[in-house]
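Have a look at the structure below, then the notes.
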Amino acid sequence: MRDFKKRTESLIAEIEKVIVGKREAIELVIIGFLCRGHILIEDLPGLGKTMLARALARAVDCNFRRIQFTPDLLPADVTGTSIYEKGHGKFTFRPGPIFANLLLADEINRATPKSQSALLESMEEFQVTVDGITHELPKPFFVIATENPIEYEGTYALPEAQLDRFLMKVRIGYPTPEQEVTILQRQVLVHPIEKVRPVLAVPEVLAMQQALREVHIDPSLQHYVVDVVNQSRAHEAVALGASPRGSLAMMRCSQGVAFLDGRDYVIPDDVKRVTQSALSHRLTIKPDHRMRGMTPQRVIEQILQSVTVPV
């Protein structure tokens, strides 16, 4: 575990060359990567969503592709398509940009729901089916999707089925004045993204992903996770609570927190730390409660206060 902790610290240090003062967001993204999940980063324009994904791609020596989602994007532009080759008299599959280790789906909610849905099979089953033929995606396969808040013009709300496939939703937030000055100073001569160097290779990533799954989580903590998720379904303000996939996300992410901390066991604080990120995008608030200012974040706060923490 100590060796893995050193590697994750090196990875975080490389990303922090570009992303200033946002260690929490960086760690959550890395946890998602090592948990074999996918991350949705939602925040205002210009706060470093895309840059965080690019920095991670540079720090990990793997195949990186980026898709800029726009209203005219077609599903075939994501997955690839079959092209008829006259000389050979047959169709040949041309892989799309989704065939990568790390895929950046930039501004995903600017594309139509039909194009967004092109990611569903790949995110859940790590494969793509085109013209009835299934193609395996490379390992590891990790999607970082960025989106602007739906209040912005030209955006489409992601359907619940797609939101549920993201392990966590992460927010970055504005930097402090001191952090913003640091950002300016680092970009006087050259962009800091150019200084990021690879510190992890694909075999190391695969080994870390396997080691993370071996982190012990006590049955009492598993019951705690299920109790929290069940309360999200029973809360009076919630129209649609978290699915069992939410329980799995909480368990896996809490293992990730322990892994980054160099421990081979999960503690209750690990579960609490990831609950907001793992569940907030999975809850749908009833319209009347939403008009009164209720949010998924407030619901989760209330649930964490009401559910007994195992000793």
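Just name the residue that is modelled with the highest pLDDT out of those in the stretch 80-108 that are on the phi > 0 side of the Ramachandran plot and assigned to a loop (DSSP other than H, G, I, E, B). That would be E107.
One residue stands out in the stretch 45-67 among those that are farther than 19 Å from R7 by Cβ and more than 17 Å from the chain's Cα centre (by Cα): the one that is surrounded by the fewest Cβ atoms within 10 Å (Cβ to Cβ), namely G46. Of the helices (runs of 4 or more DSSP H) lying entirely inside the stretch 223-303, those carrying at least 1 residues that are among the small types (G, A, S), closer than 27 Å to L212 by Cα and not assigned by TED's automatic domain parsing to the domain that holds I30 are 244-260, 268-279. Scanning the stretch 214-240 for residues that are free of Cβ contacts under 8 Å to residues at least 60 places away in the same chain and either farther than 30 Å from P138 by Cβ or out of contact with any helix residue (DSSP H, G or I) (no Cβ under 7 Å at 6 or more places or on another chain) (or both) gives E214, H216, P219, Q222, V225, V226, V229, N230, R233, A234, E236, A239.
For the stretch 70-79, the count of residues that are surrounded by 19 or more Cβ atoms within 10 Å (Cβ to Cβ), in contact with a strand residue (DSSP E or B) (Cβ under 8 Å, 6 or more places away or on another chain) and either of a type in the set (K, R) or in a strand (DSSP E or B) (or both) is zero.
Between P159, P138, the distinction of being in contact (Cβ under 8 Å) with a residue 24 or more places away in the chain and over 29 Å from V205 (Cβ atoms) belongs to P159 only. Exactly one residue out of E14, E85, E27 is surrounded by 14 or more Cβ atoms within 10 Å (Cβ to Cβ) and farther than 27 Å from L120 by Cα, and it is E14.
Just to be sure, is R94 under 20 Å from L163 (Cβ atoms), in the same structural domain as A13 (by TED's automatic domain parsing), over 16 Å from the mean Cα position of the chain (by Cα) and not small (G, A, S)? So R94 fails the test.
The values are calculated or read from the model by the stated rules, or taken from the named source; none is laboratory data. Worth saying up front: this structure is predicted, and the values here are computed from it rather than measured. No Cβ is skipped: glycine too gets one built from the backbone with ideal geometry, and neighbour counts run over all protein chains shown.
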